[in-house]
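Written below as structure tokens is the structure these notes are about.
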Amino acid sequence: MLRVDQADLADLVGDVTLDLESRTIVIGADARAEASGSWAPGPGPADLGSACAVIADLQDIRTINSCGPVAERVDCFFIREEFLCLAAALRPLDSLAGGPAEIAVYGQSVADRLCSYVDALLPDQRLVLRLLDLRSDHAAGVTELAPVPVEPNPELGLHGARWLLGSTAYRDALHTVLGSLRARLGADAGRVHLSVPFLTDEREFARIRTHLQVPGDVPLSAFVETPAAVHAAAALCAAGAGELFVGTKDLVQFYLAADRTNHLVADSYQTRHPAVLDGMRRVVESAHAADTPVRVFALGADLAYYLERLPAPDGYMMCTAELQQMLLQGRP
């Protein structure tokens, strides 16, 4: 997180570079060169494989696809359902705690957003929706009517796959989403894939597909962000996961027991720690052995390091801003 004094905002004009290695901030057109002393180009689009953009809204798709022909390297956009709710001013838990009509309205609203996103895709691109994963501390800020449990450690609490398995209302809302997509998009509804968040193992994954009654023709992937899911990677593939996504940010904090939002343990939160690299390597190798596509999330500062030390996944995931910067380098 970059904290800027209100009085200094007027001076932040143009390029602002945060050099993670030297922990310096440089402002200006030649910021990267100044920050590193002698800047040399890092990895380019060709190094990413089939790139996946992690997005927050519709504008992020437009931003990536406005980068010219090189944008075709991005074949996938990944979005959390919570961000769709934010854009549509939805209160998920309130809607899902209502009756069938409110649940249907919620599902229709999510489908409306997804349809607009699909309309912005290039011909060979797809959209992956990470199913609702609302921690209790986050839910408390966007919920007015439904009860929200008070948990001592929400990060390790009732959310992700655990919460999904306990909600029949969400199952009904998801059916509304999928039905609306099929009705409005026809064959293009197949360009929307689903991903299960915060998984423990293959048993949870199989129970999710059964509980949510996900049709067999709807691709369902697994988001690997816990050490348990790392060790279950091969079993997740065998259980029918169509793709694996490695959520590096959460994986680091769970491997190293270092809260990524706590500045007091920032030095312990290491995205290049040997244990973390070993976990990512296990997932990639397990996916390759099962012939299952796998993608690894990487910060721009870590990408070159991962490229040298990990077996090549099918593609890397990056946030929109860093991916756009790489695409605009113009390297093939």
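The values are calculated or read from the model by the stated rules, or taken from the named source; none is laboratory data. Here the structure is a predicted model, which means the values were calculated and not measured. Because the Cβ atoms are built from the backbone with ideal geometry, glycine has one as well, and the counts that use them run over all protein chains shown.
Quick grid of which residues meet (1) assigned to a strand (DSSP E or B); (2) in the same structural domain as Gln270 (by TED's automatic domain parsing); (3) surrounded by 16 or more Cβ atoms within 10 Å (Cβ to Cβ):
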| site | (1), (2), (3) |
| --- | --- |
| His288 | no, yes, yes |
| Arg295 | yes, yes, yes |
| Tyr305 | no, yes, no |
| Glu308 | no, yes, no |
| Pro311 | no, yes, no |
| Tyr316 | yes, yes, yes |
| Ala321 | no, yes, no |
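Output yes when any residue across the stretch 32-41 is modelled with pLDDT of 95 or more, surrounded by fewer than 16 Cβ atoms within 10 Å (Cβ to Cβ) and not polar (S, T, N, Q), and no when none is.
Scanning the stretch 32-41, I find no residue that is modelled with pLDDT of 95 or more, surrounded by fewer than 16 Cβ atoms within 10 Å (Cβ to Cβ) and not polar (S, T, N, Q), so the answer is no.
Test Val283 against the stated conditions and say whether it is surrounded by 14 or more Cβ atoms within 10 Å (Cβ to Cβ), more than 19 Å from Asp314 (Cβ to Cβ), within 19 Å of the chain's Cα centre (by Cα) and modelled with pLDDT of 95 or more.
No, not satisfied.
Report, by residue number, each residue of the stretch 191-208 that is in a helix (DSSP H, G or I) and in contact (Cβ under 8 Å) with a residue 40 or more places away in the chain.
Arg191, Glu204, Phe205, Arg207, Ile208
Could you tell me whether Gly186 is farther than 20 Å from Ser221 by Cβ, modelled with pLDDT of 95 or more and within 22 Å of the chain's Cα centre (by Cα)?
no
Please tell me if Leu131 is buried (at least 21 other Cβ atoms within 10 Å of the Cβ) and either over 20 Å from the mean Cα position of the chain (by Cα) or not aromatic (Phe, Trp, Tyr) (or both).
Yes, satisfied.
Check off (1) at pLDDT below 95; (2) more than 28 Å from Arg260 (Cα to Cα) for Leu122 and give me the number that stays unchecked.
(1)
When Leu323 is evaluated against the numbered criteria (1) more than 18 Å from Ala53 (Cβ to Cβ); (2) under 20 Å from the mean Cα position of the chain (by Cα); (3) of a type outside the set (S, T, N, Q), which criterion, by number, is the only one it fails?
Of everything listed in (1) more than 18 Å from Ala53 (Cβ to Cβ); (2) under 20 Å from the mean Cα position of the chain (by Cα); (3) of a type outside the set (S, T, N, Q), Leu323 misses just condition (1).
Taking into account only those residues within the stretch 203-240 that are of a type in the set (D, E, K, R) and surrounded by 22 or more Cβ atoms within 10 Å (Cβ to Cβ), which is nearest to Glu285 (Cα to Cα)?
Of everything passing the filter in the stretch 203-240, Glu225 is nearest to Glu285 (Cα to Cα).
Against the condition of a type outside the set (Asp, Glu), buried (at least 17 other Cβ atoms within 10 Å of the Cβ) and assigned to a helix (DSSP H, G or I), how does Leu251 come out, does it pass?
Yes: the conditions hold for Leu251.
I'd like to know if the stretch 229-247 contains one or more residues that are modelled with pLDDT under 95, outside any helix (DSSP H, G or I) and either under 26 Å from Glu81 (Cα atoms) or under 14 Å from the mean Cα position of the chain (by Cα) (or both).
Within the stretch 229-247 (the criterion being modelled with pLDDT under 95, outside any helix (DSSP H, G or I) and either under 26 Å from Glu81 (Cα atoms) or under 14 Å from the mean Cα position of the chain (by Cα) (or both)), the answer is no, since none of the residues qualifies.
Does the stretch 279-300 contain at least one residue that is under 30 Å from Asp217 (Cβ atoms) and among the hydroxyl-bearing types (Ser, Thr, Tyr)?
Yes, the stretch 279-300 contains a residue that is under 30 Å from Asp217 (Cβ atoms) and among the hydroxyl-bearing types (Ser, Thr, Tyr).
When Ala258 is evaluated against the numbered criteria (1) buried (at least 16 other Cβ atoms within 10 Å of the Cβ); (2) out of contact with any Leu (no Cβ under 7 Å at 6 or more places or on another chain); (3) assigned to a helix (DSSP H, G or I), which criterion, by number, is the only one it fails?
Of everything listed in (1) buried (at least 16 other Cβ atoms within 10 Å of the Cβ); (2) out of contact with any Leu (no Cβ under 7 Å at 6 or more places or on another chain); (3) assigned to a helix (DSSP H, G or I), Ala258 misses just condition (3).
On the given criteria, is Cys76 in the same structural domain as Glu243 (by TED's automatic domain parsing), closer than 18 Å to Val54 by Cα and out of contact with any strand residue (DSSP E or B) (no Cβ under 8 Å at 6 or more places or on another chain)?
So Cys76 fails the test.
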